[in-house]
Amino acid sequence: MNRIDPSESRTNLPKMPGPPRWAQRLLEWYCRPDLLEDLQGDLNEYFDRNRTTKGDRKARWIYCLDVLKFFRPYTIRKPDFINLLIHWIMLGSYLKTSRRSLVRNKLFSLINIVGLAVSMSVGLLVISFVADILAYDDFHEKKDRIFRVITTFKTPEQPQVDLASTSVKIGKQLRQTVSGIEEVTILRNGFGGDARVGEATIPLGGLWADASFFRVFTFPLLEGNPATALKNPYSLVLTEKTAKKLFGEVDPLGKTVRLDTLTYTVTGLLKDVPKLSHIQFDALASFSTAESLFARQDPNFYGWDNIWQNYVYMVLPESTRPESVLRSLTGFNKAENSRITNRTVSVSLQPLREASLGPKLHNAIGPTMIPLVVWVLIGLAMVIILSACFNYTNLSIARSLRRSREVGVRKIMGALKSHVLGQFLAESILIALLALVVSLGLFLFLRTQFLALDPFIDNLVSLEFSGRVIGSFILLALVVGLIAGVLPALFFSRIKPVLVLRDSSTLKIFRRVTLRKTLIILQYTFSLIFITTTLIGYAQYRSFLTFDLGFTTENILNINLKGNKGTVLANELRQIPGVVEVSKSLLVTSLGSIGGTTMKYKNSQDSALVWLNTVDEHYLPIHRHKLLAGTNFTRHPKTAQEESEIIVNEQVLKRFNIAKQNPQKALGEQVVVDKKKLTIVGVLKDFHYGTMENKIEPHMFRYFTDEAGGYLNVKVATTDLPATLASVEEAWRTVDKVHPMEAKFYDDQIEEAYRQFSIMIRIIGFVAVLAVCIAFLGLLGMVVFTTETRLKEISIRKVLGASEGGLVYLLSRNFLGLLLLAAFVALPATYLFFDQVVLVNFAYHRPIGLTELMIGVLIVMMPAFLMIVSQTLKAARKNPANVLKSE
Amino acid sequence: MKGTNLGEFEELVLLTIAALVNEAYSVAICDELEKHTGRAAKLGVVHAVLNRLEEKSLVKSHLGDATSARGGKRKRYYEVTHAGKVALVKAKEVRESLWNIIPGFNLEGSL
């Protein structure tokens, strides 16, 4: 009950501001009643004293500090069990009234439950996603003590490259010279090929791993000895799945597997690698094999700067801090970098959990999620959920008139403030739990959609239920219920029963109008931002796909040769009627895959990295590259030694200032690449080599001699595409019987290259639609409520002669104003965000169009506008006689 | 142990209460302590000690009359109980008996 202390309010009011109210409240709340009065008095006395000596501000500050300091075991009030008991007893009554009010106002209940359910389903999705990401590599027993050596590679010419891989050398040095490390293991990627057992041939992918692999990681061996399985050369450890494919039900231990020309012996059988592991493989081969295979061929196998294929992981004992290892790594960096010129290679440490959730590194061994993406997802879900909570808050407070009598009666019967508070919180939590049930169904649907969005996501997470996930779901519902219900509950708990019961119109339902308006503006601002973001993003995405790259990609089918020699297949393909021409290239450019090497001109000191693609003589015509001067390759050497010609773009002339950048005069000039002198026979107009994020840089074409690997580019012109593709596939099968053909149209590949972008757009687009719907629902509720409340006023106005148009204007004016305000906040914000943050990452992009912004506004505003007008019109058209009669 | 042993600060507070007679309430005790010992007596500390002394029933307390000072809140006055007086006297006797057995020269010159 509200106890008013007249003496207190009278003495306090006219004077200077007293101690902070919240501090006083806090003290009243926690302090034992028998100590309270004296303590308050003491603090007041000190407060007055401090005010005269130290000033107002300081005194208030000290007061707050003291209140916090007095929070001690002996001052704390014991929990009020009677109160809790009453809550418990009254629960049945609360539930009953809640149910009645839900059923009585079907529209509002529907808006609340649907809004909360939809938004919570997004929340559930994000929770299970984040839970999966956090659960990565959880199965390793020593997960908290495992660290990975990561590398930074720097040359004077290029920005630094951060790598997840490192050198074999650092692994060996750590093992031999640094004390205080429990275990070091070295892995190398690139193991694999076609495994043959008898007649069966199965492609295999995996890693080279040394004998300590099983002492660092927890991959349980079903058969074989973990200490020796990866010790000897040509040992092979298979996962259960792979073993089944190769050997069926036969026990694989001790059997042999042929890969290329080598024979491996199976020494172990592993349980399948869990999905949530950043290291994935079909099979492991002993690292000693790799050493014996490559160390002889490659003199730099153990080199400090051979950092592209190896991974080093270590386990530290519990007592060792990573800093001590880091210190020895810095020592190695200094010593080794003094021995190499023109580049620096620095190693450092990374804990295991950052391997799956951490900064993006090149040569990552498995999928990596950058924390920013996770935060963005959490942020999106939060905005949506808060928006639905706003709806609940708004509608509950707006409709408080209907329930204030109930609260009044409860209070008169003896309910305390805290009881009413509890009742309304219980109600909102109940509704949130109801919404949770609905949202679970939606979640199951969303999950399949989300996983189908991209193979990357499907590989990354499974989104399965677990105890922790379900617990978080329920927690989410509780939190949502609390957030949505706290303001209405506070509002109801403060209702003065006498006033309400005497005359309910005294209840100031329009007192919190500013709050409600702000919430609506917030909702619409976010909706607009999301929608315009989606539209602008989509427009940019379309422009990337249709961008003029400087060459054509139309009707070109790129076939991955998978290590086969291309010439035979190319000849076969030329026989097919639908095929115009076939060319060969090492890379398919403009997709993000790049390769380059250094070039020198006359000055032997001046070298620069030039991007490279090796192609045959058919490549330039098929892709319609524009020659500014010179010709296509004139000589077609059979071996790499005979190579003598090179074709470059304008940027190369500019970089080295060849022949004063005059294409005609540059012909015949010689440049040095890979210690070979090559003559420029052609100069090409600049074209795009990387994606839209990269600027056009120096680029060269070299001749593709008859080597294995690379791609065939098949120019297709046919009316019967399926038939042509079928014959292409047939031709492939005559050349390679093991691998399925991997052929994609160039345009489709470009689309794939921007897939991350399109996934982001789709996710934000989805969120945008939800945000708009939820905001729309909330606005609908508010409009319906306001017009209903003002029905009598409208009728009187009408009787007195107001026109329908005038009434619609009167009723909708405020809402339209809110929408306009939201647009004024949202549009500049989105524009600036794209202009300053997003698009600066893309060297080539189209300017942000006003049309997208306008369309966004229309999409959001039109339904809202129509709804407002139709609702107000409905109210304005009511027969005033009927309304006024039914008093 | 409770009720038999006095801590150093407890003893000081108890003595102050006895000295202040009828005016012994928390703020006044703090001020008096500060005046005599010269060290800052924090309200929080004194309050806790008063609470403990009352728990040990060395002091008892009652609320005074309401005045317009202190925001209209009443003061809690403390007085030393019989047990408190016994404890004080005992503490004094312990000290004196120890003082008596110290040879005179041992502490000379340190004053």
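The values are calculated or read from the model by the stated rules, or taken from the named source; none is laboratory data. Given the structure is predicted, the values throughout are model-derived calculations rather than measurements. All Cβ positions, glycine included, derive from the backbone under ideal geometry; neighbour counts span all protein chains shown. When the accessible area is computed, the model is the full protein with side chains, heavy atoms only, and any ligands, DNA or RNA have been set aside. Shrake-Rupley method; radii C 1.70, N 1.55, O 1.52, S 1.80 Å.
For the stretch A:527-609, the Cα gyration tensor yields ellipsoid semi-axes of 34, 27, 12 Å (square root of five times each eigenvalue, largest first, whole Å). Treating the Cα atoms of the stretch B:1-57 as identical point scatterers in vacuum, please give the log10 of the normalised Debye intensity I(q)/I(0) at q = 0.13, 0.19 Å⁻¹, two decimals. Values, matching the q order: -0.29, -0.61.
Each 5 Å bin from zero up to the one holding the largest Cα-Cα distance in the stretch A:227-291 carries the following percent of pairs: 4, 18, 28, 24, 17, 7, 1. Of the trypsin sites (Lys or Arg not before Pro) found in the stretch A:682-790, those that fall in a DSSP loop while having at most 15 other beta-carbon atoms within 10 Å are A:K685, A:K695, A:K737. Would you mind checking the pairs A:K54/B:K35; A:K78/A:K417; A:K565/A:K654; A:K142/A:K275; A:K169/A:K231 and listing those with alpha carbons more than 25 angstrom apart? A:K565/A:K654, as the Cα separations exceed 25 Å there. Using R0 = 45 Å, the C-beta based FRET efficiency linking A:R77 and A:K241 works out to 0.15. Applying a DSSP loop filter and a limit of 14 other Cβ atoms within 10 Å to the trypsin sites (Lys or Arg not before Pro) in the stretch B:53-105 leaves nothing.
With only Cα atoms counted, the stretch A:265-409 has Rg and Dmax values of 27.2, 92 Å. Loop-resident GluC sites (Glu not before Pro) (DSSP state other than H, G, I, E or B) in the stretch A:290-349 with no more than 11 further Cβ atoms inside 10 Å of their Cβ: A:E318. Shape analysis of the protein assembly as shown yields a ratio of the Cα radius of gyration to the Kirkwood radius, Rg/Rh, of 1.09. Taken about its Cα centre, the stretch A:563-741 carries a charge dipole of roughly 660 debye when the Cβ of each Lys and Arg holds +1 and the Cβ of each Asp and Glu holds -1.
A simple rule links phi to the HN-Hα coupling: the Karplus curve 6.51 cos²θ - 1.76 cosθ + 1.60 with θ = phi - 60°, which for the stretch A:871-881 gives 5, 5, 4, 4, 5, 5, 7, 4, 6, x, 4 Hz, with x for Gly and Pro.
Distance between the C-alpha centres of the stretch A:604-658 and the stretch A:551-568: 19 Å, rounded to the whole angstrom.
With only Cα atoms counted, the stretch A:76-155 has Rg and Dmax values of 25.0, 74 Å. Available extension along the chain between A:L326 and A:A295 is 8.4 nm, counting 0.36 nm per residue and deducting the alpha carbon span.
As a ratio to 2.2 N^0.38 Å, the alpha-carbon radius of gyration computed for the stretch B:41-111 takes the value 1.69.
Per residue of the protein assembly as shown, the DSSP helices (runs of n ≥ 4 H) give a summed -39500 (n - 2.57) that works out to -17000 deg cm²/dmol at 222 nm. Placing unit charges on the Cβ atoms of the charged side chains and taking the dipole of chain A about its Cα centre, the candidate lying farthest along the positive direction among A:N879, A:I340, A:A843 is A:N879.
Size descriptors for the stretch A:728-841, from the alpha-carbon set: Rg then Dmax equal 27.7, 91 Å. Rolling a 1.4 Å probe over the protein heavy atoms of the protein assembly as shown, with every protein chain left in place, gives an accessible area that is 59 percent carbon and sulfur.
With everything on Cα atoms, drop me the angle between helix A:755-789 and the longest principal axis of chain A, reported from 0 to 90° to the nearest 10. So the helix axis and the longest Cα principal axis differ by about 10 degrees. Before we go on, tell me the buried accessible area for the B/A pair, both chains summed, 1.4 Å probe, in Å² to the nearest 100. What B and A bury together is about 1800 Å².
Within the straight-line cut-off of under 21 Å between alpha carbons, the lysines reachable from B:K73 are A:K15, A:K69, B:K42, B:K60, sequence neighbours fewer than 8 places apart in one chain being disregarded.
Kirkwood-type hydrodynamic radius, the stretch A:456-599: 24.1 Å, calculated from all non-identical alpha-carbon pairs.
Structural descriptor for chain A: relative contact order 13 percent, calculated from alpha carbon pairs under 8 angstrom and at least 6 residues apart.
The spacing between the stretch B:1-58 and the stretch A:686-707, judged by their C-alpha centroids, is 86 Å.
Subtracting the Cα-Cα distance of A:N225 and A:F865 from their residue separation scaled by 0.36 nm leaves 223.1 nm. Think of the protein assembly as shown as a dipole: +1 on every Lys or Arg Cβ, -1 on every Asp or Glu Cβ, centred on the Cα centre; then among A:G481, A:Q749, A:I279, A:G481 lies furthest on the positive end. Relative to the current alpha-carbon distance between A:K417 and A:N657, full extension at 0.36 nm per residue lengthens the span by 78.1 nm. Look at where the Cα atoms of the stretch A:118-158 and of the stretch B:75-96 average out, and the two centres are 66 Å apart. Where a Cα-Cα gap under 18 Å defines reach, which aspartates and glutamates qualify for B:K92, not counting those fewer than 8 residues away within the same chain? Excluding near neighbours in sequence, the set is B:E8, B:E10, B:E11. Average 1/r across all pairs of distinct alpha carbons in the stretch A:143-356, invert it, and you get the Kirkwood radius: 18.1 Å.
For the pair A:A708 and A:I470, label points projected 7 Å from Cα toward Cβ lie 5.3 nm apart. Legend: P(r) of the stretch A:609-666 from all alpha carbon pair distances, 5 Å bins from 0, whole percents, reading 4, 15, 26, 24, 21, 10, 1. Per residue, the protein assembly as shown exposes an accessible area of 50 Å² to a 1.4 Å probe, with every protein chain left in place. Excluding same-chain neighbours fewer than eight residues apart, the lysines reachable from A:K792 by a Cα-Cα span under 24 Å are A:K106, A:K508, A:K517, A:K874, A:K878, A:K885.
With R₀ fixed at 35 Å, the C-beta to C-beta distance from A:R790 to A:H87 puts the FRET efficiency at about 0.40. Axis of helix A:804-832 versus longest Cα principal axis of chain A: the two differ by about 40°, to the nearest ten degrees. Axis of helix A:21-30 versus longest Cα principal axis of chain A: the two differ by about 90°, to the nearest ten degrees. If you wrap the stretch A:563-741 in the convex hull of its Cα atoms and look at it from every side, the mean projected area works out to 11.1 nm².
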